[in-house]
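Comments concern the structure below.
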Amino acid sequence: MDYLLKKRAEPTGQTTVGRVLPMDSVSQLTAEHRKIQRLFGRLECLPTAQDLTDLVQTICDRLAIYLTIKEEVFYPGLSRAHGAMPDLDESIVEHFSLRAIMETLEGQCATDPLFNAKVRTMRRHFARHVEEEERRLFPKVRELALTDLNIKMQQRRMQLLKQEHGSVMCN
C-alpha cells in the first residue's frame, strides 16, 4: 500500500517515526497521474503493433481504476466536505470524455483505423485533466482535513487492483 511515515517531535526535541498513515488523497491521485503519464510516455518507443495494443490496454486498465476511485470515493467525499465546486463538476465531465474514448478502444488493436488518433486524443484529454486538477482543484482539497477520505480512497484502490489482477499489487 502507498503509505507515508508520519514524523513527530518528541518532548526531547528529537524527531521519531510514528504511525504509518495512508497517503493523503491529493498525493494518492498525483501519484496515479504520474504513473499514467509515464505509461503514455512509453507509447512512442514500442517496436510492434501488439506491444502498442498491450500498452494501451494497460493504460485503459489503469485509467479505469483511477476514474472509479475518484467517481466512487473522492468526488462524493469532496462534495460532502466542501459543497458545490465548479472545478469538481468540470473534472467529472472530463471523466465522461475519457471513459467514452476508452470504450471506443475496447477490443481494438493498433492496426485498426483511428486507433492512434483515439489514443492521442485520450492522452491529450488526460493531460488537460491532470493540469486542471492539479492547478485548480487540488489546492482547494489540501485546505480540507479529509483523513477519512484518504483511507477510503486507499482501500478502494486496493480492492480494484485486487479485482483487476487477482492479487494485490505493490505500486
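Annotations for the structure displayed:
- Some residue of the range 123-134 being in contact (Cβ under 8 Å) with a residue 40 or more places away in the chain, surrounded by fewer than 15 Cβ atoms within 10 Å (Cβ to Cβ) and more than 22 Å from Arg156 (Cβ to Cβ): yes
- Taking each residue of the range 24-42 that is within 15 Å of Asp61 (Cα to Cα) and looking for partners that are open to solvent by less than 10 Å² (accessible area, probe 1.4 Å) and of a type in the set (Ser, Thr, Tyr) with beta-carbon atoms closer than 8 Å, six or more apart or interchain, yields Glu32/Tyr66; Ile36/Tyr66.
- Within the range 22-54, considering residues that are β-branched (Val, Ile, Thr) and open to solvent by less than 30 Å² (accessible area, probe 1.4 Å), the one nearest to the chain's Cα centre (by Cα): Ile36
- Whichever residue in the range 94-132 is closer than 18 Å to Gln37 by Cβ and of a type in the set (Ser, Thr, Tyr) and, among such residues, is farthest from the chain's Cα centre (by Cα): Thr121
- Any hit, the range 112-124, residues being closer than 16 Å to Leu29 by Cα and among the β-branched types (Val, Ile, Thr): no
- Each residue in the range 140-162 was checked for being at pLDDT 85 or above, within 27 Å of Gly41 (Cβ to Cβ) and of a type outside the set (Lys, Arg), and 3 of them qualify.
- Whenever a residue of the range 49-63 is among the β-branched types (Val, Ile, Thr), its partners that are assigned to a helix (DSSP H, G or I), lying with C-beta atoms within less than 7 angstrom and at least six residues away or across chains, give the pairs Val56/Leu105; Val56/Val119; Thr58/Leu39; Ile59/Ile36; Ile59/Leu39; Ile59/Phe40.
- Arg120 vs. criteria basic (Lys, Arg), under 23 Å from Gln163 (Cα atoms) and at pLDDT 95 or above: no
- Candidate set from the range 55-77 (those that are over 13 Å from the mean Cα position of the chain (by Cα) and at pLDDT below 95); member that is surrounded by the fewest Cβ atoms within 10 Å (Cβ to Cβ): Pro76
The values are calculated or read from the model by the stated rules, or taken from the named source; none is laboratory data. If you're wondering where the values come from, they're calculated on a predicted model, not measured in any experiment. In this analysis, Cβ positions are derived from the backbone assuming ideal geometry, glycine residues included, and neighbour counts consider all displayed protein chains. Heavy atoms of the whole protein, side chains included, go into the accessibility calculation; ligands, DNA and RNA do not. Shrake-Rupley method; radii C 1.70, N 1.55, O 1.52, S 1.80 Å.
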